[in-house]
1. List the pairs whose first member sits in region B:760-773 and is touching a residue at least 40 places away in the same chain (Cβ under 8 Å), whose second member is of a type in the set (Val, Ile, Thr), and whose Cβ atoms are under 8 Å apart, counting only residues at least 6 apart or on separate chains?
2. Any idea which residue in region B:174-202 is modelled with the lowest pLDDT, counting only those that are within 16 Å of ligand 2 (Cβ to nearest atom) and small (Gly, Ala, Ser)?
3. Only one of (1) part of a loop (DSSP other than H, G, I, E, B); (2) at pLDDT below 85; (3) farther than 23 Å from residue B:161 by Cα is not met by residue B:113, so which one is it?
4. So the check is Cβ under 8 Å with 6+ separation or different chains; which pairs have a first residue in region B:257-276 that's closer than 13 Å to residue B:122 by Cβ and away from every other protein chain (no Cβ under 14 Å) and a second one that's assigned to a strand (DSSP E or B) and of a type in the set (Ser, Thr, Tyr)?
5. Quick check on my filter: what residues within region A:130-146 are more than 8 Å from chain B (Cβ to nearest Cβ) and open to solvent by 20 Å² or more (accessible area, probe 1.4 Å)?
6. Can you report the number of residues in region B:203-223 which are touching a Phe, Trp or Tyr at 6+ places or on another chain (Cβ under 7 Å) and either of a type in the set (D, E, K, R) or more than 16 Å from ligand 2 (Cβ to nearest atom) (or both)?
7. Please determine, by comparing only the residues of region B:89-119 that are of a type in the set (Ser, Thr, Tyr) and away from ligand 1 (no atom under 14 Å from the Cβ), which one is least open to solvent (accessible area, probe 1.4 Å).
8. Of the residues B:235, B:245, which single one is within 15 Å of ligand 2 (Cβ to nearest atom), out of contact with any strand residue (DSSP E or B) (no Cβ under 6 Å at 6 or more places or on another chain) and of a type in the set (D, E, K, R)?
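The values are calculated or read from the model by the stated rules, or taken from the named source; none is laboratory data. Just so you know, these numbers come straight off a predicted model, no measurement behind them. Note: ideal-geometry Cβ built from the backbone for every residue, glycine included; neighbour counts use all protein chains shown. For accessibility, only protein heavy atoms count, side chains too; no ligands or nucleic acids. Shrake-Rupley method; radii C 1.70, N 1.55, O 1.52, S 1.80 Å.
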Amino acid sequence: MWDHEIRAMASAHAVIAASVFVATVAPAVFVPGFSVYGAHLLWICSVSGAVTAVSVAVFWLLGVSPPTKKHTLGYKLSRLFRSCLYVLLSCLFFHAVVVLYGAPLIESALETFSLAVLLTCLTTLRCLCVLGPNVQAWIRVFSRHGAMSVWDTCLQITVACTLVGAWVGAFPIPLDWDRPWQVWPVSCSLGAMIGYLTGLVAAPAWIHYHRKQLTYKCK
Amino acid sequence: MKVRSSVFASFILTFEVLGVALFLRGFFPVPVKSSFSSKSRLSDLPAEPLAGGSPNSTRLPQPLFRRAVVMLVDALREDFVFGGSGRLFMPYTRRLVERGSAHSFVAKARAPTVTMPRIKALTTGSIPGFIDVVMNLNSPALVEDNLIWQAKTAGKKIIFYGDDTWVRLFPKHFMEYDGTTSFFVSDYTEVDNNVTRHLDSTLKRDDWDILILHYLGLDHIGHISGPHSSLIQPKLLEMDDILKKIHSSLVSKEAEGSLPYLLVLCGDHGMSETGSHGGSSEQEVNTPLVLISPAFKRKAGMEKPGVVEQVDLTPTLALGLGLPISQNSVGRVIPGVLEESSLRDQLRFLHLNGHQLSCLLKDGVPNYEKDAGFEQFRVAEKAHGNWMKLYLEGNTSEVLTNMGKKVLKQYLEALAAMSSALSKQLGKYDMYSMVAGMVFVFQLLLVLLLAMPEALSGAAAVDLPVFSSLISLPFYLLCLLLASVHVLVCTSAGSSCYFCSLSWGLVFAAVAFSSAMFCILISLLARRLPLAPKIHGKSPLKNLGSGWSFSELDVLLLAGTVGHTLSLAASSFVEEEHQTWYFLLNTLCLAVFQDVCRKYFREQKGSGDEEEHILPSKDGHLSAHRKPGICSEKWLALATPPFTLVCCRLLRSLNQTGVQWAHLPDVGHWLNSSEHKMVLSLLSAFCLVLIYLLVQRRCSLVSKVALALGLLGVYSYRAAVGNVLFPWQHSSRTASKGTVEARFVYVFVLGILFSGTKDLLRSQILTADAKLKSRGLWEIYSGLVLLVALLFRAHNLPVLCCCLLIQTLMAQFIWKKLHYDAAQTTIMHYWFGQAFFYFQGNSNNIATVDISVGFVGLESYVEVPAIFLTALSTYAGPLLWACHLVCYLSAERQRSPVAVSHGCYCLALLRSVPAAAYIVLVTVLRYHLFIWSVFSPKLLYESMHLLLTAGVCLFFITMEQSRSSSKSEGAKDSRQ
Ligand SMILES: [Zn+2]
Ligand SMILES: [Zn+2]
């Protein structure tokens, strides 16, 4: 039924996954001694940047986001401004949640914030790309039976996978193995990344196998 | 037989406690102790064996050394002296080891490698079992027979400088002492200077026989920065200098003709690669032991040091100084030390050591006659007698020397065998009792699990096929089978197991019970399986699968319970269990938050568990037509989960617990430092006021007054003890024990409990008044709160305060409003209880149990109240939440009449699943490196918690009892 859309989604996800891969490998060429847990902050920065840039470009090219009614420059600017505001708020929100989970408040605040930025880039940014800065739509998508298109379902799956990945990533921290990937926030961001990649793969696959059962009511 | 599910759950839990008790008895070996609590005396020593003629002398041989200096360097690892870097770290010692007249060994310490048990091991020669460490938490002085006592009794003058653990263990034993407290771990210079400053004057004097020095600095450096830090080398060089100083002073004092000196350098335990200790890794266990004396032969180069047990030092020192070996010592004398004395004396020393070990063997080991070492010793003793006879006849031939050498060898073998038999006795598990206990617990758990659909049904009653299984044939066959297995095991494995030593009646009761349980289990299983009852067309199992749809919250609750149980298999997760609970609790709060949002933004449905904070205020128009009260309630309900999260985050930083992050600074320490006394006073006063406000609203007037006075009493108790300031107390009064104030509070606690019980009884017997009953319950709860407020340390009062606050808010806005069922509410209460157990500063380590609570309001140590108070304050968190659960569920009765029953069942299930899983884990991991340091304390905590939960469940039954009676009364009323 949505074969075309599923194909577009799969290719978009392949591009994003490839960008994540490049962002992990490329810095090793420029920065000597780069490794995922050796220079963790750098890795987070490069991956967040790559995911942001590629997602925005891909979704803009695909034209997934709902058509805007007005086309004035002022309206576009205000949308842009609101998007930036949402990104910032989402970073702060994730930071707060992570601190509530027990991250140190003052020391290693930079590490915590970098994790929050990564999570924002993986989740909130995607919401902004697909739904635009429209909170009503967000609430609709993230409530039960609220998805109205393939892209909404895809968004649900990737966001859930990312968050669960970050959540599971916290498990190895208390183990006394003294491994470099147990250092805060390496395991969590790795978990989030792995969850995100899983979500990228799982979403088209799941939709493909459930395309018969999926019915979306129209607006 | 139909049983209500609360009765059923309590019954199962009670028997599980018995099963776990049996398991514990098998798991913790009872230490081998001489049955006499007396001490070895010179006069009791055996005579020198002599074949034929009368024994010739009971005197000890001439001591080997005139004076001894024991230099104990805390956490001195073996490779600091003998390893490759030893030449850099301790050059002088190394030279002595390689070229001097010294013996060097690697002494193996036993776990727990902690200073106090190690000191006990070094002085008594026994291996303190884990149970010893637990039992002796509150009796500081060492009463067991020990080297220090023997030396003092023999009139030796002992001087001690160093760790004040010694001073507490041996009060009035030292002629001169200066204890340094090891409280400030960050200080590693002052602690050692405190010891060294006495050294010059002491070494000049001649009036002492034994000098003991215990240096703590190295251990502190280890704790701060690990064994590879740059601080290690200067510290070891300092230790080396001190050894050099002592050695040269001893050499210069050495007089012709008199006995030589003995200088001992040893460590109490090692240091792991992270700088801590307590476990049983190689680095923690291996310590150096260097004995220096002119009596020894000079060495001609570095040899590989031999391996001895740490406890071997005790008999060696005792014999070397001419003292009796202490009674419970399992060590054997180090033969190298004796080798320069005459053959007769050597044999005599070994004979004394062997005699002491054989006495201990007789006392502690059943059928000791069969022990190989014991037999060897008898043979050697006889040969010794023969040798003595020849010797006394004046025979001096080569044959005699060879014969003596042979006897010597026999003795050494016998000592080694006896010593290892004794040590093995300490590490042996009584597998049969353990398995029996495990089987009991698992049968019960399975019955509990299989009864779940019935127990959680609307009727809340379980139909147990007791009578049908009691008259069935399999029951009798099983009885027979189990009884024969029991007889078989007990006759074959020797009588060293506890379950075999029980009386026949008890064993038969256990066997019958177990077979009955097994039959019940089978018939329940048959009922659950789809093949048996096809009456209704579809099986109850299928019904279960389709009938229950899981929400996200259910998935989380289930996954959390299972995940936590599985996590107990890893030692790090046991050590850091609080992290697991905090993590789960946090996720729970977020999930609840999501549920709340769903409920209140139903039209648009809540978003995921993020982005809530930017919810638009446009929603206002939805609720605009509702009453403003509902609107404010909505916002309060929305604010409750975030508020709970913030509370939990604050409490989490109040007490840093666990192992890995235990050293981080926490708010509790900050509050307890003397310069923040004012803050602490204000905080605790504020908390007490808040506690009053939260608790009083559902109490009767009398209880209100009593509560207010009681809380005032709590504050004045804290002021009397010196924790907080009284506003009108200007002169700094000396801190008293606050006995009067504490007793004042106890009176009010008892008063409130009494008034609550009275209300309960009245509601039950006279009037079926639900309101009166819930008031009575609440009063009992508030009595508990008051008692806990008294027992908690001042900085822990916020924990109590937050506990009450969260309970109130959650009950008001979440549990009631969101229509969570009894099972969900119970699981949430249980999780909160677990988290609060750790919030109050507990951990899975015995050391965090606050024993001082046992003395609140008591002049001296009285066992029963002390244990009761300690248990109560340790488990205050889980208990308060369980009590709140009773109050909440019985208040919810109008909505769901079986809520209490369901809650009780869920609580029993929640507690028995981890307990049962844990005893299996512990059995599987019984040879794990951390079995004593990590897993065993946790086992004790688990069993204690199980016991308390059984008590709480019994309390549930009484609440439920009154429900049925009041219901029947209500039915009667309606009929009339
Ligand atoms: Zn120590
Ligand atoms: Zn230490």
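1. B:760/B:780
2. The extreme case among them is B:182.
3. Among (1) part of a loop (DSSP other than H, G, I, E, B); (2) at pLDDT below 85; (3) farther than 23 Å from residue B:161 by Cα, the lone unmet condition for residue B:113 is (3).
4. B:266/B:287; B:267/B:287; B:268/B:287; B:269/B:287
5. Answer for region A:130-146, where residues must be more than 8 Å from chain B (Cβ to nearest Cβ) and open to solvent by 20 Å² or more (accessible area, probe 1.4 Å): A:134, A:145.
6. Within region B:203-223, residues that are touching a Phe, Trp or Tyr at 6+ places or on another chain (Cβ under 7 Å) and either of a type in the set (D, E, K, R) or more than 16 Å from ligand 2 (Cβ to nearest atom) (or both) number 2.
7. Among residues in region B:89-119 that are of a type in the set (Ser, Thr, Tyr) and away from ligand 1 (no atom under 14 Å from the Cβ), the one least open to solvent (accessible area, probe 1.4 Å) is B:93.
8. B:235
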